[in-house]
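Engineer: My structure is below; once you've seen it, I'll send some questions.
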Amino acid sequence: MSLLVVGLSHRSAPVSVLERASLSAETRDKLLQDTLAAEPAVEAAVLATCNRIELYADVDKFHAGVAELSTLLARHSGVGLDELTPYLYVHYEDRAVHHLFSVACGLDSMVVGEGQILGQIKDALAVGQELHTAGRLLNDLFQQALRVGKRAHSETGIDRAGQSLVTFGLEQLAAGAEVTDWAGGKRALVIGAGSMSSLAAATLARTGVAEIVVANRTRARADRLVEILAQPGGTGVAARAVEMAEVCGELTRADIVVSCTGATGLVLTAGAVAGALGLEAEAVETPAAPVVPAPADIDRHAAWVENGTAGTVRQAVRRATVPVQGTGPVRLALLDLAMPRDIDGEAARLDGVRLVDIESLAEASADAPMAADVDQVRTIVSDEVAAFGAAQRAAHITPTVVALRTMAAGVVAGEIARLDGRLPDLDEKQRAEITQTVRRVVDKLLHAPTVRVKQLASEPGGAGYADALRELFDLDPQTVAAVSRADLNDPNRGRS
């Protein structure tokens, strides 16, 4: 196993870089295809969410893999390599497994313990399977990550440590008040009709808002979300759908706006928000972010990230770029959950406006208390990483064991054929008894060593046992490779 992950997230990069590096579905697919075309990689998967972009690959060379994956991320994100490199993190083999399992459990989320990441990991696996970029290693890895995440949520109280970004965002907008008291009776506008927007609409309905208006580029999806909200046994909230062209008009009536679209540009400008409130949008100079020095070469950036310097600088970047909030009573509360952002950060400077976005959520979540269950989840992750490594090492020797047994079966068949030539008068019963006896002798001789070699191979440092077995029994490498290919091409393997 030579698993490598190169990525960036809210923990390593400012939101200004994350939103510029965000990938469309088309760009993500091209990144996967180009990664497989690159020499060091034989498998690839991309985990892209609103606050992380990670490229997973099975590579044959570490340094060449880091350089190639970093270059590909820069090329497809549109952020220059020199600018992107300081924010990238690198994990290899067991550390890469540990990272994904931690992500799946919500330990690396902006809001610790949130469960939405499991759906995003499942989607990443499905894309890799559809494009045939995820092979045996990544299928096994992502399937196991989903099981680990589900185990963490079912066996611990990690759900109490965190919540969805929507709930956390609404808590920040409520500024210390109970969300149900703060939101009760208000009018809400939801822009977008995807999974996050749907979650936002359902959450708002549970808080007791008086009305939810849904706007989406595709009207049919907005209508569908409204239908779900209004169906019998549902939330019971008054809901209606509008065209995107009607958003500015709806702003004049809204108290809360939640936006999460896939748009590449701003959906709400500061001018539109000011117009809805009857204000004049004045140009406000945005403070410049500190300059972050880039390492001299690609090999140094992983160590630079690990030594803590990067984290210190990035926290400074975040603090310097969080928008300044306006003054006066809040007339319009804005929650921007999109990446790249939907709502102009300058809207936060308008009087009567409170804006919470991914960047300010990252700041707030840094100070959130950690639940005691987090330690239990970390133990689960460590145990599962060890189990995954053992299973992968054991699987590595399986083709060799199969090839050994295939060779032994060939020897038995050859000897029985030779016996037929020397003793042609044997009847069928005698021949069958002799054949069965020889097979039992061979099976008994092979049983103990093959079971033991699988046990030894599953332990750390056990990778050499497959080579030793091939050498001792003079096994044909092509036969072993053929067994591996047959296993990899199994259409039922790794399907979610």
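The values are calculated or read from the model by the stated rules, or taken from the named source; none is laboratory data. Note that the structure is a prediction, hence the values are computed from the model and not measured. We place every Cβ from the backbone using ideal geometry, glycine too, and count neighbours over all the protein chains shown. The protein model used for the area step is the full one, side chains on, heavy atoms only, and it has no ligands, DNA or RNA in it. Shrake-Rupley method; radii C 1.70, N 1.55, O 1.52, S 1.80 Å.
Engineer: Please pick out the residue among Val401, Val438, Val442, Val453 that is in a helix (DSSP H, G or I), farther than 30 Å from Leu125 by Cβ, modelled with pLDDT under 80 and open to solvent by less than 60 Å² (accessible area, probe 1.4 Å).
Structural biologist: Just a single option satisfies the conditions, and that option is Val453.
Engineer: Now for a different question. Report the residue count in the stretch 66-111 for those that are β-branched (Val, Ile, Thr), farther than 12 Å from Leu4 by Cβ, more than 13 Å from the chain's Cα centre (by Cα) and open to solvent by less than 20 Å² (accessible area, probe 1.4 Å).
Structural biologist: 3
Engineer: Next question. Can you work out which of the residues in the stretch 456-465 that are of a type in the set (A, V, I, L, M) and either at pLDDT 70 or above or more than 15 Å from Val402 (Cα to Cα) (or both) is most open to solvent (accessible area, probe 1.4 Å)?
Structural biologist: Here the residue is Ala463.
Engineer: May I pose another question? Filter the stretch 183-195 down to residues that are hydrophobic (A, V, I, L, M, F, W, C) and either in a loop (DSSP other than H, G, I, E, B) or modelled with pLDDT of 95 or more (or both) and give me whichever is nearest to the chain's Cα centre (by Cα).
Structural biologist: Ala193
Engineer: Inspect all residues belonging to the stretch 251-263 and state whether any of them is over 22 Å from Gly352 (Cβ atoms), open to solvent by 70 Å² or more (accessible area, probe 1.4 Å) and modelled with pLDDT under 95.
Structural biologist: The answer is yes, given that some residue of the stretch 251-263 is over 22 Å from Gly352 (Cβ atoms), open to solvent by 70 Å² or more (accessible area, probe 1.4 Å) and modelled with pLDDT under 95.
Engineer: What single numbered condition from (1) at pLDDT below 95; (2) open to solvent by less than 30 Å² (accessible area, probe 1.4 Å); (3) within 16 Å of the chain's Cα centre (by Cα) fails to hold for Ser22?
Structural biologist: For Ser22, the exception is condition (2).
Engineer: Within the stretch 37-78, how many residues are in contact with a Phe, Trp or Tyr (Cβ under 9 Å, 6 or more places away or on another chain), at pLDDT below 95 and within 18 Å of Arg20 (Cβ to Cβ)?
Structural biologist: Residues flagged as in contact with a Phe, Trp or Tyr (Cβ under 9 Å, 6 or more places away or on another chain), at pLDDT below 95 and within 18 Å of Arg20 (Cβ to Cβ) within the stretch 37-78 amount to 0.
For every residue, the table says whether it meets (1) open to solvent by 20 Å² or more (accessible area, probe 1.4 Å); (2) of a type in the set (Lys, Arg); (3) modelled with pLDDT under 95; (4) within 18 Å of Glu384 (Cβ to Cβ).
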residue: Gln116; (1), (2), (3), (4): yes, no, yes, no
residue: Arg136; (1), (2), (3), (4): yes, yes, yes, no
residue: Leu141; (1), (2), (3), (4): no, no, no, yes
residue: Arg147; (1), (2), (3), (4): yes, yes, no, yes
residue: Phe168; (1), (2), (3), (4): no, no, yes, no
residue: Thr207; (1), (2), (3), (4): no, no, yes, no
residue: Ala220; (1), (2), (3), (4): yes, no, yes, no
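Engineer: Which ones in the stretch 178-202 are open to solvent by 50 Å² or more (accessible area, probe 1.4 Å) and free of Cβ contacts under 8 Å to residues at least 40 places away in the same chain?
Structural biologist: Result: Glu178, Thr180, Asp181, Gly185.
Engineer: Which condition breaks for Glu243 when tested against (1) open to solvent by less than 20 Å² (accessible area, probe 1.4 Å); (2) of a type outside the set (A, V, I, L, M, F, W, C); (3) farther than 15 Å from Leu335 by Cβ?
Structural biologist: (1)
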